[in-house]
Amino acid sequence: MPPFTHHIFVCCNRREPGHSRGCCDPAGSEALRNGFKAELKRRGLGPLVRANSAGCLDQCELGPVVVVYPQGIWYGGVKPEDVPRIVEETVVAGRVIDELRIPDERLNCRPK
Ligand code: FES
């Protein structure tokens, strides 16, 4: 079995309504992660690319958050309809989607 080529970590953290930081999956549905799983399966990428549900990735204000390794590309404000494009552009073609990318200077800039 070949090793995985990519891991897609999808924040599925859920917090109570009204929490000051919000959360990436207020409905607790894991819709985004399930969308990645379905898209990877549809494209036959399942054996090589893994979509993992993650706990809080500490970028809550920029969520829903997804990070793609090994490139370490952070995406924010990700919607289920963005999933096919992330798989196609980033996983398959190796390109960054600029309008979804969280710039390095915004990572770990939690409001005080
Ligand atoms: S709740 Fe998703 S990054 Fe914190």
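Nothing in this text is a laboratory measurement; each read-out follows from the coordinates by a stated rule. What you see is a predicted model; the values in this text were computed from it and never measured. Note: ideal-geometry Cβ built from the backbone for every residue, glycine included; neighbour counts use all protein chains shown.
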Checklist outcome for this item: Highest GNM mean-square fluctuation among C23, C56, C12, for the chain with Cα springs under 10 Å, belongs to C56
Checklist entry - Picking from V66, S29, C56, whose Cα lies most toward the positive end of the charge dipole for the stretch 6-106 (charges on Cβ: Lys, Arg +1; Asp, Glu -1)? => result S29
Checklist outcome for this item: To the nearest 20 debye, the chain has a Cα-centred charge dipole, built from +1 on Lys and Arg Cβ and -1 on Asp and Glu Cβ, of 280
Checklist entry - Simple spin-label model, 7 Å along Cα-to-Cβ: A31 to C56 in nm? => result 2.3
Item to check | Filtered GluC sites (Glu not before Pro), the stretch 17-112: DSSP coil and at most 13 other beta carbons within 10 Å | outcome: E99
Checklist entry - With N residues in the stretch 6-106, what two-decimal value do you get for its Cα radius of gyration over 2.2 N^0.38 Å? => result 1.01
Item to check | Degrees, to the nearest 10: 31-42 long Cα axis against longest axis of the chain | outcome: 10
Checklist outcome for this item: Free-by-geometry Cys in the chain, Cβ-Cβ under 4.7 Å as pairing rule, reported as C12, C23, C56, C60, C109
